[in-house]
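Working notes, structure below.
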Amino acid sequence: MLITNDHTQLDFHSSMEAITTPFRSAGKPIKSLFVWLPAPELPFSTVASLNGTHMFCKSQGVQLKSTHTDDWILVWKDYENTVTLIAAGKGITEKMLWTLLDLVFNSFLLFVSLEEIQIHKNFDRIKREAKSYMPIVDKLLDYCESELLGYSDCVLANENAQVLTRLTEFSVQFGSLFCAVVVNQKLAAATEGWWDLDVVDRKLLILLMSVSNTSQKDVPVFLPKRSSSVAYRFIAIPLMGTATLCVICGAEPAYHEIAALAQQTFKNDLDILESIDRSMPRNFPESLEIDPNILGVLLINKNYKKYVISRNLQQNSSGKRSMSGSHRLDILRTFYNHAVDIIEEFIADASNGSSGNSDKSAKTNVLESYWCSEYHKCHALSDENDNLICVLYVASVPTYTMRLITQKTLAMIVQEKTVCWQY
């Protein structure tokens, strides 16, 4: 629910997280804007109390960042000394909530320039744009448990290299460095310029495309990380079915001219795009033979901030308790968020702390991590190219063999040129 000082209300999808955004000047509210996504366990009175607690601490010179209860994690964060976001969630990590807050604030910046928020003179504009950014916020809340918020979701198919070649041709002819082909909301191919964008910009643009009521889209947007004061055009052109061409460009040319060029460029590749669509939900080429002991794979490239997640459709889990495909993916994400990512963050903080005492700071990578349970086993392994793979195994696989199988699986994927993982 969006509640403003003039009592305007807009209802949005309920979710397990709640976010509030009070706008203020010099610590005093100038006009109140509360975004409250109601959850049964977190009523509005509680949200208001959380905001009051933060304001009281700030008036006493104390910065309140987070707190934990038996079930909940609550975090507060100020942006530009103008906006305060509060998030509460359970079953997720504190880092995930921080990432969520950053994405929520930057979703505002897609439609309102950073300068307008900093000088807080255009409150009505911010309120009017709620119809544009709130669907994205709602989508982010839905994605908290089903996606890695800090990475771009990708699909690997043997046809990726062909699509990338055609996309590069379009990019050169059209004159835009920022182009991508998205199939079923997953990146199949993107130009180097697109990968140079901050992952926040990439993530929000794909979300903007997914929440649109029409397959065609031509909308002015700011890029929160790359261009927060100068607007670009975000163009989404349907190629076929679930395949969409995304382009960032200037005011010219007209949409129909861009669409005509796109259709002309990709007219002979529709069967290729259909083949990529059929590769889901496996998200890996069928030509890659996954070890039968593997139930699922999560592959991350930390340099490009992208990932692909897959369940092994050729493996039917057996034993004391079978696992559905979605449950396998949930286990992989949980393993990454609650084990691998936390360990890497801890070591990175330790390295940063020690770097102040030496002229050269050593980069430390977590090479391996694993979980073992009665029903399954998980193993994570990273390499020198910033790739990290998390593998879900059947419980019967010997622990000492997991490293060898994981290494073989990682090498097989990254060395496959047709999927363009290293680009």
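The values are calculated or read from the model by the stated rules, or taken from the named source; none is laboratory data. This one's a predicted model, so the numbers in the text were calculated from it and none came from an experiment. Positions of Cβ are backbone-derived with ideal geometry, glycine not excepted, and every protein chain shown enters the neighbour counts.
Scanning segment 247-271 for residues that are among the β-branched types (Val, Ile, Thr) and assigned to a strand (DSSP E or B), we see that the one that is farthest from VAL183 (Cα to Cα) is ILE248. In segment 254-272, the residues that are within 22 Å of VAL155 (Cβ to Cβ) and in contact (Cβ under 8 Å) with a residue 40 or more places away in the chain form Cβ pairs under 9 Å with partners that are part of a helix (DSSP H, G or I) and charged (D, E, K, R), at six or more places apart or across chains, as follows: THR265/ARG166; THR265/GLU169; PHE266/ARG166; ASP269/ARG166; ILE272/ARG166. Within segment 305-353, the set of residues being among the polar types (S, T, N, Q), modelled with pLDDT under 75 and closer than 21 Å to LEU367 by Cβ comprises SER351, ASN352. Among the candidates ALA262, ALA254, the residue that is among the small types (Gly, Ala, Ser) and buried (at least 20 other Cβ atoms within 10 Å of the Cβ) is uniquely ALA262. The criterion of at least 1 residues that are touching a Cys at 6+ places or on another chain (Cβ under 9 Å), at pLDDT 90 or above and buried (at least 18 other Cβ atoms within 10 Å of the Cβ) is met by the following helices (runs of 4 or more DSSP H) wholly inside segment 89-136: 94-109. Of the set (1) touching a residue at least 60 places away in the same chain (Cβ under 8 Å); (2) closer than 30 Å to PRO281 by Cβ; (3) surrounded by 18 or more Cβ atoms within 10 Å (Cβ to Cβ), all apply to LEU149 but (1). Taking residues in segment 370-381 that are without any contact (Cβ under 8 Å) to a residue 24 or more places away in the chain, and partners anywhere that are in a loop (DSSP other than H, G, I, E, B), the pairs with Cβ atoms closer than 9 Å and at least 6 places apart or on different chains are SER373/ALA395.
Restricting the search to segment 162-201, which residues are part of a helix (DSSP H, G or I) and either under 24 Å from HIS256 (Cβ atoms) or outside the structural domain of TYR255 (by TED's automatic domain parsing) (or both)? Correct list: VAL163, ARG166, LEU167, THR168, GLU169, PHE170, SER171, VAL172, GLN173, PHE174, GLY193, TRP194.
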